[in-house]
1. Compute, for the chain, the length of the dipole vector about the Cα centre, with Cβ point charges of +1 (Lys, Arg) and -1 (Asp, Glu) only. Units Debye, rounded to 20.
2. List, in order, the whole-Hz ³J(HN,Hα) value for each residue of the stretch 243-252 obtained from phi through the Karplus relation with A = 6.51, B = -1.76, C = 1.60 and θ = phi - 60°; use x for Gly and Pro.
3. Looking at A188, S245, L172, which one has the Cα that reaches farthest to the positive end of the dipole of the stretch 167-292 (charges on Cβ: Lys, Arg +1; Asp, Glu -1)?
4. For the stretch 291-296, take each phi angle, set θ = phi - 60°, evaluate the Karplus expression 6.51 cos²θ - 1.76 cosθ + 1.60, and give the result in whole Hz per residue in order, putting x for glycine and proline.
5. Where does helix 162-178 land angle-wise versus the long Cα axis of the chain, in degrees 0 to 90, nearest 10?
6. Just order 188-198, 320-330 by mean Cβ neighbour count inside 10 Å, highest at the front, would you?
7. From Cα pairs below 8 angstrom and at least 6 apart in sequence, can you work out the relative contact order of the chain, rounded to a whole percent?
8. Using a simple charge model, +1 on the beta-carbon of Lys and Arg, -1 on the beta-carbon of Asp and Glu, nothing else, what dipole does the stretch 289-405 show about its Cα centre, in debye to the nearest 20?
Amino acid sequence: MAGVMIGIEVHCQLNTESKLFCSNSNDMRNKKPNESVCPICLGYPGSKPVINKHAIELGMRIGLALDCKIADSMFFSRKTYFYPDMSKSYQITQYEVPLATEGYLTVGDTKIRIRRVHIEEDPAKLMHVGGDITNAEYVLIDYNRSGVALAEIVTEPDFTTPKQVHQFLDNLLSILEHLGVYDSSKEATLRCDANISLDGGERVEVKNITGFENVEKALNFEIIRQNGMKRMEVKVERETRHFDSDSNTTKSLRKKEYEEDYGYIFDPDLPVIKISKEWVSSIKKNMPELPDQRVKRFVKQYALDEYTASVLIYADKNLADFYEECCRNYNKPQTVANWMMNYLLKSLNWRSERIKNSKVRVGTFVELLTLIENGTITERYAKELIKEYVDTGISPKELMKKSSSGKIDLDAVVKKVLEENKKAVDEYRSGKQEALKFLLGRVLVATNKQADPKLINEALLKQLGASIAQ
Ligand SMILES: [Zn+2]
């Protein structure tokens, strides 16, 4: 893929209590459309925005985690455009002097430079009814999202493959979650714009893609599309496109658009904010543990291999939190990790569930591990049980009671198998060891392979021995 240049912009809804310039809630759970609004975020004439300090601080955390320089002072500008998602006909954002600049994030061996991190307000949410943005019958507007605090993270065009972009986004998401600046369980979103050019040609921007898989798909499609145009000697024009996740293709939205076209002006309603060294160092001092540091700590503290630690941490911050909570209650870190990696994660993935929204709890999960450890249940049975446990959240002990009617009475099964296979029993007694294997196989089949072969063997020997003694 020689000559592919990709840069991205990520919009992260910040985990603040209130919106960027008013006191309406940022939490969109269980909200009716247009319920969380006020004259400020609806852009009524005469309303005055007031800056949410916490949003600036969360933005500083992101800047510091990405090794950026934090500006000495910052101010907000108005980006003027007319669109139904923007009631004031301008968006309050940062243009001339962003909060943070010149950082980087490493993906594999590649250093991806971060051009800037700035704070801005989210526009309202548009719902395209009866189609998508290019062909909807009509549009509904939800101003709940209007004025929500966003951090925009902009990279240099340092990516050469769509896969790299995907990995970068996975890493970035984990960092944002560890920083506590982003919480997807509050229905916050990460949205991505990607620009891509081939062999120094014009760059095409694909706007507003949700889902990291979709970002990768959109970029792969663009590479194929732009290469096809080149083969047919059609010039690629600078344009903005939209990704259609139904067809996995991109469609043209508008031609030629430059940042300068927006006519940014300084927002006279908002003051210039001085950012003192003391302020920055107090943020630095209280920085949460970052995923890379956490991987190193897991390797040291729990003696995990680096791969396992990375999966637990980068898959989902809550999964890593769950792991640590389990280890506090059950002091066998390797066993906890094995059961999480091999069985719990699989069951969750199969249900497309994340641990935080699942019915899995530390107490009941540890209970399962304890049942295995003290021999109450076999590992084989536990592997079956864990699926039902993830489905229902019912404690493993309760599940065992519930299924005890269906539970295997091994002695009874063995007795029946011995009665039905008198010939094999005689053969065994005449010294043919093969016959024991045959009987074990019959019992295993009779229990639907639920019983532990070791236990079957014991039960068989016991009953065969008992019959000899008679
Ligand atoms: Zn408001």
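1. Computed charge dipole of the chain: roughly 1340 debye.
2. 8, 9, 6, 6, 9, 6, 10, 10, 10, 6
3. S245
4. Using θ = phi - 60°, the values come out as x, 4, 5, 5, 4, 4 Hz.
5. Result, in degrees: 90.
6. Highest mean packing first, the order is 188-198, 320-330.
7. 14 percent
8. For this selection, approximately 160 debye.
We did not get these values from a lab; they are worked out from the coordinates using the rules stated. Worth saying up front: this structure is predicted, and the values here are computed from it rather than measured. Every residue, glycine among them, receives a Cβ derived from its backbone with ideal geometry; neighbour counts consider all protein chains shown.
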